[in-house]
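Taken together, the values in this text are just the output of simple stated rules run on the coordinates, not laboratory data. Quantities reported herein were computed from a predicted structural model and do not represent experimental measurements. Every residue, glycine among them, receives a Cβ derived from its backbone with ideal geometry; neighbour counts consider all protein chains shown.
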Amino acid sequence: MVTMVSSPTDSRAADPRAGTVVEVADFDRLIASRKAVVGIIGLGYTGLPLATGFAAAGFSVVGLDTDAEKINAILRGESYLPDVSDLELEELHPRLSVGTSPAAMAAADAVVVCVPTPTSHGVADLSHVDAALAAVVPHLRPGTLLVLQSTIPPGTTSAAARRLTREGGIRIGTDLYLAMAPERINPANADGWRMTNTPKLVGGFTPECTRRATVLFEQVCEQVHPVSSPEVAELAKVFENTFRLVNIALSLELSDLCRHLRIPVREVIDAAATKPYGFLAHYPGPGVGGECIPVDPLFLQPLAQLAGTDLSLVQAAHRRITERPGQVVDRIVELIAAGGGTIQQARVLIVGVSYKEGVADLRNAPALDIIRALRHCGAQVSYYDPLVPSMVLDNQAVPVAAWTPTELAAQDCVVLVTPHNRIAADPHWSAAPLVLDTRNVLTPGDNIEIL
Ligand code: SAJ
């Protein structure tokens with residue numbers, strides 16, 4: 001049973017169950033004066049930038065994570081994210097306290113939940129969200145604002161509100177304010193988009209929930225876009241990532257057609273992108289990784305089934321991206337055979353293993369499936385990735401190769417999967433007897449094949 005603390009001594013708190021409502025002015029004054037304490041639950045790639053954002057805006061921030069390693073790294077002033085620097089952690093240290101105890105949230109006036117929402121058996125796994133709410137709500141003082149930032153299926157926030165009321169007698173919009181404000185963090189974004197300059201969607205369970213969440217995020221985001229309900233915010237977020245999935249899948253289909261028509265796919269997409277409206281460029285690659293694009297669209301399936309509506313386009317797109325790493329391996333086998341070799345015992349070097357440029361993150365990285373399949377074919381696989389110093393796949397270390405002409409010349413096939421640090425412009429590529437460019441970013445050459 002989730003209940004709330006009441007602390008008669010704290011002037012900012014009144015026991016709403018006694019019928020008194022926490023004054024709007026209190027919350028606004030706490031925010032305006034920077035006296036509000038902001039709690040962040042989950043200090044991963046969306047929570048830590050938010051914690052440092054609020055600390056940089058002058059708020060005291062209480063960060064909570066179940067991973068003691070993350071907590072210790074922050075306490076040492078060592079960032080584990082490309083978007084947060086060690087210097088930021090050092091400078092913000094006085095205002096950023098971190099720990100693993102949910103009781104610390106008793107000090108917070110606003111709490112943002114930023115925990116992972118992976119899938120389990122193809123449906124959204126909300127266990128981290130449920131665990132965070134169960135652990136934290138008992139420590140919250142009446143009048144606290146609670147915001148869900150994790151990507152969640154539409155209806156999740158309202159279901160949580162009803163559960164808190166049903167199980168704990170908590171009046172949402174009086175005892176506790178609840179809203180959904182999805183993260184839009186794009187790790188290592190090359191175009192300068194950050195949490196602060198990316199519009200923030202906010203949808204509250206009540207109008208006052210929306211208003212308070214809007215006031216909160218206006219402190220760290222240049223633009224806040226309130227919407228009429230948590231459901232709108234939840235679905236807009238999932239739809240953004242579904243839109244990306246479908247368009248990446250479309251670019252994969254285009255790339256297969258272009259290869260057969262011998263038309264350079266990247267030039268086609270760049271040409272289409274000159275149209276100033278109605279087109280958004282997405283580029284073909286070895287597949288789609290990360291915790292978002294291959295995952296979030298799956299949240300819609302069970303809801304569509306319940307509603308009896310058809311999401312075959314999304315399903316087809318998901319199938320297309322899931323099949324892509326296998327297509328990469330088929331092509332490698334084909335190219336080596338065309339050169340008179342066989343895949344058994346062939347030396348194959350994977351260049352770039354993380355799921356995208358600029359990050360060290362291997363979650364759902366296409367390179368994992370490619371390496372797994374190559375191993376299955378009997379190939380000798382190694383990799384080079386400046387951001388991933390070591391890698392174990394299926395309990396077997398993947399040998400690390402050096403980025404040298406000698407090493408490249410010794411391979412049967414070198415496969416560009418993730419082009420970090422402008423490696424595409426590196427002259428070493430000419431040393432390799434055969435290169436498969438899955439991103440279509442290398443300068444054409446006799447030894448270069450496009451996926
Ligand atoms: N990819 C392509 N072609 C493209 C774009 C991406 O193959 O044209 C691949 C990437 O290589 C990568 C995967 O898709 O493997 C995902 O790339 P991403 O740039 O979408 O990266 P994420 O997952 O880090 O970020 C996405 C972003 N969503 C959208 O742009 C709609 C980000 O803004 C979200 O905040 C994030 O998901 C999230 O957390 O939801």
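For this structure, a couple of remarks:
- Per-residue ³J(HN,Hα) for region 203-219, Karplus 6.51 cos²θ - 1.76 cosθ + 1.60, θ = phi - 60°, Hz, x for Gly and Pro: x, x, 5, 10, x, 5, 4, 4, 4, 5, 5, 5, 4, 4, 6, 5, 7
- Rounded to 10°, Cα long-axis angle of helix 47-56 versus longest principal axis of the chain: 60 degrees
- Ascending count of other beta-carbon atoms within 10 Å, so fewest first, for Val137, Val220, Val414: Val220, Val137, Val414
- The spacing between region 207-228 and region 299-362, judged by their C-alpha centroids, is 38 Å.
- Distances between placed amide hydrogens fall under 5 Å for Ile350 paired with Ser382, Tyr383, Tyr384, Val415, all partners being 5 or more residues away or on another chain.
- Extension gain, Val24 back to Thr406 (0.36 nm per residue minus Cα-Cα distance, nm): 130.7 nm
- In order along region 322-336, the Karplus-derived 3J(HN,Hα) couplings, from 6.51 cos²θ - 1.76 cosθ + 1.60 at θ = phi - 60°, round to 5, 7, 4, x, x, 5, 4, 5, 4, 5, 4, 4, 4, 5, 5 Hz, and Gly and Pro are given as x.
- Value of D in µm² per second that Stokes-Einstein yields for the chain, Kirkwood Rh from Cα pairs, at 10 °C (1.306 mPa s): 66 µm²/s
- Lysine pairs within the chain, Cα separation less than 27 Å, 8 or more sequence positions apart or different chains: 10
- Taken one residue at a time, the phi angles of region 263-275 give Karplus couplings (6.51, -1.76, 1.60, θ = phi - 60°) of 10, x, 4, 5, 5, 4, 5, 4, 5, 4, 6, 6, 5 Hz. Gly and Pro are set to x.
- Dmax and Rg, reported as Rg then Dmax, of region 352-429 (C-alpha, Å): 12.1, 34
- Where the Cα pairs of region 24-128 fall when distances are cut into 5 Å bins, in %: 2, 13, 22, 23, 17, 11, 7, 3, 1, 0
- For region 146-228, the share of alpha carbon pairs falling in successive 10 Å distance bins from zero is 19, 46, 26, 8, 1 percent.
- Here's how it looks for Val111: its modeled amide H is under 5 Å from those of Gly39, Leu145, Leu146, Val147, which are all 5 or more places away or on a different chain.
- Rg/Rh ratio calculated on Cα atoms of region 3-228 (Kirkwood radius): 0.94
- Gap separating the Cα centres of region 397-451 and region 44-62, nearest whole Å: 39 Å
- Sorting Arg262, Arg363 from the fewest to the most surrounding beta carbons within 10 angstrom yields Arg262, Arg363.
- Globularity index of region 238-321, i.e. its alpha-carbon radius of gyration over 2.2 N^0.38 Å: 1.20
- Structural descriptor for region 3-228: relative contact order 20 percent, calculated from alpha carbon pairs under 8 angstrom and at least 6 residues apart.
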